[in-house]
Protein chains: 4
Amino acid sequence: MSPAELDRTDPTGAIAAAAKRTSNRGRWGADDVLGTLNFLDEAKRVEGAGLVRRGVSFSLAQRFDADGPQNGWRRRTNPVHTMLSSGLDAEFGPEEFPHGLGGADDVIFMPLQASTQWDGLGHIFDHGQAYNGRRASQVVTSEGDRLTGIETVADRIAGRGVLLDVGRAFGTDGELPDGFAITADHLDGTIAAQGRSSHVGRGDLLLIRTGQLARARRNGWGDYAGGAAPGLSFTTADWLHGSEIAGVATDTWGFEVRPNEFDVAFQPLHQVVIPHIGLFIGEMWDLDALAADCASDGAFDFFLAAAPLPVTGAVGAPVNPIAVK
Amino acid sequence: MSPAELDRTDPTGAIAAAAKRTSNRGRWGADDVLGTLNFLDEAKRVEGAGLVRRGVSFSLAQRFDADGPQNGWRRRTNPVHTMLSSGLDAEFGPEEFPHGLGGADDVIFMPLQASTQWDGLGHIFDHGQAYNGRRASQVVTSEGDRLTGIETVADRIAGRGVLLDVGRAFGTDGELPDGFAITADHLDGTIAAQGRSSHVGRGDLLLIRTGQLARARRNGWGDYAGGAAPGLSFTTADWLHGSEIAGVATDTWGFEVRPNEFDVAFQPLHQVVIPHIGLFIGEMWDLDALAADCASDGAFDFFLAAAPLPVTGAVGAPVNPIAVK
Amino acid sequence: MSPAELDRTDPTGAIAAAAKRTSNRGRWGADDVLGTLNFLDEAKRVEGAGLVRRGVSFSLAQRFDADGPQNGWRRRTNPVHTMLSSGLDAEFGPEEFPHGLGGADDVIFMPLQASTQWDGLGHIFDHGQAYNGRRASQVVTSEGDRLTGIETVADRIAGRGVLLDVGRAFGTDGELPDGFAITADHLDGTIAAQGRSSHVGRGDLLLIRTGQLARARRNGWGDYAGGAAPGLSFTTADWLHGSEIAGVATDTWGFEVRPNEFDVAFQPLHQVVIPHIGLFIGEMWDLDALAADCASDGAFDFFLAAAPLPVTGAVGAPVNPIAVK
Amino acid sequence: MSPAELDRTDPTGAIAAAAKRTSNRGRWGADDVLGTLNFLDEAKRVEGAGLVRRGVSFSLAQRFDADGPQNGWRRRTNPVHTMLSSGLDAEFGPEEFPHGLGGADDVIFMPLQASTQWDGLGHIFDHGQAYNGRRASQVVTSEGDRLTGIETVADRIAGRGVLLDVGRAFGTDGELPDGFAITADHLDGTIAAQGRSSHVGRGDLLLIRTGQLARARRNGWGDYAGGAAPGLSFTTADWLHGSEIAGVATDTWGFEVRPNEFDVAFQPLHQVVIPHIGLFIGEMWDLDALAADCASDGAFDFFLAAAPLPVTGAVGAPVNPIAVK
């Protein structure tokens, strides 16, 4: 399906049809809590480790601080980091410890999806249904996600990563414009352009770079959160499903193109890929340094360890992903 | 030096002497912010990746939730996780989104050292001095660590990990008793007992299991934070320095033995290894599953990715370390 | 009804019967959000102001800090107060402001019912029903209380306060033992003992002192939150209803006697007084200094201003009540 | 002194001169922690209570929620309120309690000066000195204000309030434009215009309405925090000192006129009135409803209870002030 074929007036119908075509419901049993991470097996980790040649490593996380992409919308602030004690206390404050010991300590308050993060399977529902056909109310209460909390995948997300730098392949100066909808053709075209290290298949962790983060950092965040951005077209649901990838992350706030491709809609691709495909989605990853290295040496795959902070019952969690080439 | 040689009445003198013997001040230049992570180079990452044989992975993080080791001491609470919206809202609450979309979202408040974490180089001072001889007040203010914040090592901590299961080697049912001081002899003895995969050297990430976490989980946390525990003897400072390891983590709250080995003291080994050696210390890691696997297959080294959440200016940061064998 | 008449095996039946006898449902119309605060009218404020004779004032709030009554149960921690900047930064840190200006600033994280507080009408439900027969799900979602949030009474709670020092009247050294159930007879007996300034009637704000806070402060908090304590007997529901008071507060964590007066129960009196009577309940008030003054001058009524922090949608809110005599 | 006489290039000199003219240092002894609240005595509370005639009450607090004046600057966010449990859980979630009891509970994270608040005496320093000539570093550390924390005035702030509605007296439609500097002449002119109930003297709690809050609410907050606003002229320091008021509050973010009246400056009047006069300043109070009532009945004084939340060591604290006429 191409974006031109979408009926912009009927997101509900489009979502239902895509859900039907791509559903993994029951694929791994009624009790499954892993979704597409079932594709990421031990052989894939061995394959991923085999991609480490130079030993160079890249953090794919943004820095977690007040200068971030959130603007307070839906009570999502940027992280607030404060000190319980500092070096000033140690040097000039009242003595707290014996033998000249001084210490600094700190706390944080933050929405779990404030910055670089994985969405958990309990993050999005379709008409009150969560992943695997469960009732949303049975999965996520005020105590958190009781079944598919992010801690259930704490030890899983390490394997072969592959970068599709769509920004470099189809953008200007490496950046796609806001509102640019990345289609299956763009993904396939990027794979073709980048060459054989870019093949994408079962169990891979796919990283899609739009270049928008570079722009946001250059121009300031402004109203970034929820604002216009490049991202995946709704029509990529089938491609994402058919590829049998274990997870996919982008360098944008919202993963899919904003504004969305319907007249009245909000994140319709999420509504398909999380509750129906059971796909793990990463957002606000910083892919720029890795992408520059890949462009330089032509190798677009690598070992990727991206274990989320295992907050019990979390429907999303911050992560500092490490790519090693 | 053996614990018997320590003058229990003079921690200040012992700290000063150990600091003099083990200081890495200036070793990597006056501007260095990496400390012992300088030992972890690209070759070490290649070596670590080469240890992945079966592709099995282990999370070494405790779950981050209210049932944790903190008791409020020094304003350190356990993490408090709350929902901004839940599946109940999606299924039964007022409609928020079009086309049947529902979402759950969450926030967290936590001390950065509430659970599994890395200490940063700005965490501990000796007589008002931070790592590399800097004044504490010039490094860590109320805005956080301005020089050695944990974000400076965001992309570093991936390489060869090696587990020394001292609990299995010298304990009962795999657990050392509280107050047990692990000496250099215990470390060397564990290496000898475990065999050749356990060699420890420059650039390695060393994990030391005491077994105390297993006990704490079995018996409840009680007054765990700051209470009695097995841990490293003050006298291991030279061993830790001489080994040229990049980092070291234990399964206890405090890394070093508690109560400490002086009549009146608080964490004296910290006062040597952080500001003088520049050593990265991990605490409250969960090594039990990994240890069982190592005991089973006899391979005690592995690839370890343990990238801390890059909170700007943090003097410590939570981490979900992943070991892959 | 006396406590001896309670069937300890049937809290459900006792609650239903008490609810039927005491319900104010519909009394102030279907849209009412004020409950018993409807009794507190302008004449009552004039009466209260007329009680100010000496101009002496008392804060009835505990201090909000880490040394408080919470123990983490149900994710209720004590308040965590941290500084954004301090005097150390101003005196020794990097210069932030021109012309020698220095500033300190701070943040807090706390459960809204961590310390001295008012329960809102959305705090407790009976079989899924909130005050005035509303469905709980229609009143309090993850966004908070949409109808009876504490902000709806932001300007109300000022009027005549009256203290019943049951601890002094029936306790030892001014303190009732833990588990002591205060009955209607104890309340009436205290009124009689204290004399005519202690009459309780329509629109009054009633303060009931047990003395347990004095004991908790003397002995440390221990497992105070939810533990054994003196408090109101379940059987006082009719007295509380018949008195037509506007609100009632105690110096304990839980208002009613703990353990509760049924074999298996949790806060059954709450289940009657909040959703059925619509009564405003205050907890963890510090009545000791006021009580000493009242005992000294024999005047047990006073002007009371106890306006909760108007957090939008809150089901409870901290307050610093001020009594002026 | 009139604004025209200010040397816009020399805030440091102007501050030093004003500090010298207005200092209360030592006035109440070297150990004083109350500053101008020393002026608010018991007689003043009796006088205030005598002003209650109709019994009508007004909350002078803004609502504490995400739709507030903060924009993240200096890590000051708006309050973030989340639920620990809701009515949805009670009605549709897993059963938590016996006998049909359901409960909702909540937490808050907020800067203590996020909304309607009192500045404490530890909030502002002049060249490293706090109120009464103390060294800033000796007063406020990372543990908070050790001497003049807001809890020290927990029982004090109740007395005679008086409103000067400068917006109505000198503005258009009751609002002063942004950047309007209120001078002593404007204050005296407002008193004259409002009549005899508006006299201001020793121990009074003065409320100054600019009308800017009404405008901010009408137009949205925008970049309100720290942006342009009407407020007190630097030149009112002498008037504020000479009046011997106990405290003063405005309906703006910053109390004094913004931009400030020097070429390069930040809140210079704060630097005089807090550390030198020891004056208690309130900010972001909502005076509109009270002002409308005062304009209607011509009585501009009233009983005011404005007890801050007694957060131990806080340098500022939220408050829900209640005015009763």
Being of a type in the set (A, V, I, L, M), within 24 Å of B:I124 (Cβ to Cβ) and open to solvent by less than 20 Å² (accessible area, probe 1.4 Å): is that true of A:L112 here? no
Regarding A:A237, is this residue under 18 Å from the mean Cα position of the chain (by Cα) and more than 16 Å from A:D251 (Cβ to Cβ)? yes
When (1) within 30 Å of A:W73 (Cβ to Cβ); (2) touching a Leu at 6+ places or on another chain (Cβ under 8 Å) are applied to B:S85, the one that fails is (2)
The lone condition A:A169 fails out of (1) outside any loop (DSSP other than H, G, I, E, B); (2) facing chain B (nearest Cβ under 7 Å) is (2)
Considering residues of region D:295-305 that are in contact with a helix residue (DSSP H, G or I) (Cβ under 8 Å, 6 or more places away or on another chain) and more than 7 Å from chain C (Cβ to nearest Cβ) only, the residue nearest to C:V80 (Cα to Cα): D:L304
What is the one condition in (1) within 14 Å of another protein chain (Cβ to nearest Cβ); (2) under 30 Å from B:A323 (Cβ atoms); (3) in a helix (DSSP H, G or I) that A:S137 does not satisfy? (2)
Can you tell me which condition A:D301 does not meet? The list is (1) under 30 Å from B:Q117 (Cα atoms); (2) modelled with pLDDT of 95 or more; (3) out of contact with any Ser or Thr (no Cβ under 6 Å at 6 or more places or on another chain), and all the others hold. (3)
Does A:F280 count as on the phi > 0 side of the Ramachandran plot and more than 9 Å from chain B (Cβ to nearest Cβ)? no
Given the residues C:R160, C:R74, which is the only one that is basic (K, R) and open to solvent by less than 10 Å² (accessible area, probe 1.4 Å)? C:R160
Residues of region A:285-323 that turn out to be within 22 Å of A:I274 (Cβ to Cβ) and hydrophobic (A, V, I, L, M, F, W, C), as a count: 11
Selection from region B:9-54 of residues closer than 30 Å to A:A49 by Cβ and in contact with a strand residue (DSSP E or B) (Cβ under 7 Å, 6 or more places away or on another chain) yields B:G35, B:T36, B:L37, B:L40, B:K44, B:R45, B:E47, B:G48, B:A49, B:L51, B:V52
Hits in region D:182-193 - residues which are open to solvent by 30 Å² or more (accessible area, probe 1.4 Å) and of a type in the set (A, V, I, L, M, F, W, C): D:I191, D:A192, D:A193
Restricting attention to helices (runs of 4 or more DSSP H) lying wholly within region B:206-287, give those where 2 or more residues are crowded, with 24+ Cβ neighbours inside 10 Å and not aromatic (F, W, Y). B:212-219, B:268-272
Which residues, taken from region D:49-70, are more than 8 Å from chain C (Cβ to nearest Cβ) and small (G, A, S)? D:A66, D:G68
Have a look at D:I108, D:I157, D:I150 and point out the one that is more than 9 Å from chain C (Cβ to nearest Cβ) and either farther than 21 Å from C:A136 by Cβ or of a type outside the set (V, I, T) (or both). D:I150
Tell me, which residue of region C:183-215 that is of a type in the set (A, V, I, L, M, F, W, C) and under 16 Å from the mean Cα position of the chain (by Cα) is farthest from C:I322 (Cα to Cα)? C:L213
Looking only at region A:8-51, how many residues end up being hydroxyl-bearing (S, T, Y) and open to solvent by less than 10 Å² (accessible area, probe 1.4 Å)? 2
Can you go through A:R21, A:R8, A:R25, A:R76 and tell me which one is more than 7 Å from chain B (Cβ to nearest Cβ) and either under 19 Å from the mean Cα position of the chain (by Cα) or aromatic (F, W, Y) (or both)? A:R76
Taking A:R196 as the residue in question, decide whether it is more than 24 Å from A:L37 (Cβ to Cβ), open to solvent by 40 Å² or more (accessible area, probe 1.4 Å), among the charged types (D, E, K, R) and without any contact (Cβ under 8 Å) to a residue 60 or more places away in the chain. yes
Residue satisfying condition, being open to solvent by less than 20 Å² (accessible area, probe 1.4 Å), under 26 Å from C:S85 (Cα atoms) and modelled with pLDDT under 95, within set D:P69, D:P79: D:P69
Checking the conditions here, which among A:G227, A:G220 is over 20 Å from A:I322 (Cα atoms), modelled with pLDDT under 95 and in contact with a strand residue (DSSP E or B) (Cβ under 7 Å, 6 or more places away or on another chain)? A:G227
Six or more apart or on different chains, Cβ atoms under 9 Å: show the pairs whose first residue is in region B:306-325 and more than 7 Å from every other protein chain (Cβ to nearest Cβ) and crowded, with 24+ Cβ neighbours inside 10 Å and whose second is in a loop (DSSP other than H, G, I, E, B) and among the hydroxyl-bearing types (S, T, Y). B:V319/B:T116; B:P321/B:T116
Kindly list, by first and then second residue, each pair from a residue in region B:258-271 that is on the phi < 0 side of the Ramachandran plot to a residue that is of a type in the set (D, E, K, R), limited to pairs with Cβ atoms under 7 Å and residues at least 6 apart or on different chains. B:E261/B:R8; B:F262/B:R8; B:D263/B:R8; B:L269/B:E256; B:H270/B:E256; B:Q271/B:D126
Determine, yes or no, whether C:G179 is within 22 Å of C:N260 (Cα to Cα) and assigned to a helix (DSSP H, G or I). no
Inside region B:82-94, the number of residues satisfying the requirement of being open to solvent by 50 Å² or more (accessible area, probe 1.4 Å) and more than 7 Å from chain A (Cβ to nearest Cβ) is 1
Using the structure shown, decide if D:G179 is surrounded by fewer than 19 Cβ atoms within 10 Å (Cβ to Cβ), touching a Lys or Arg at 6+ places or on another chain (Cβ under 9 Å) and among the small types (G, A, S). yes
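The values are calculated or read from the model by the stated rules, or taken from the named source; none is laboratory data. The structure displayed is predicted, hence computed values, not measured ones. Positions of Cβ are backbone-derived with ideal geometry, glycine not excepted, and every protein chain shown enters the neighbour counts. Heads up: the accessible areas ignore ligands, DNA and RNA and are worked out on the full protein's heavy atoms, side chains in. Shrake-Rupley method; radii C 1.70, N 1.55, O 1.52, S 1.80 Å.
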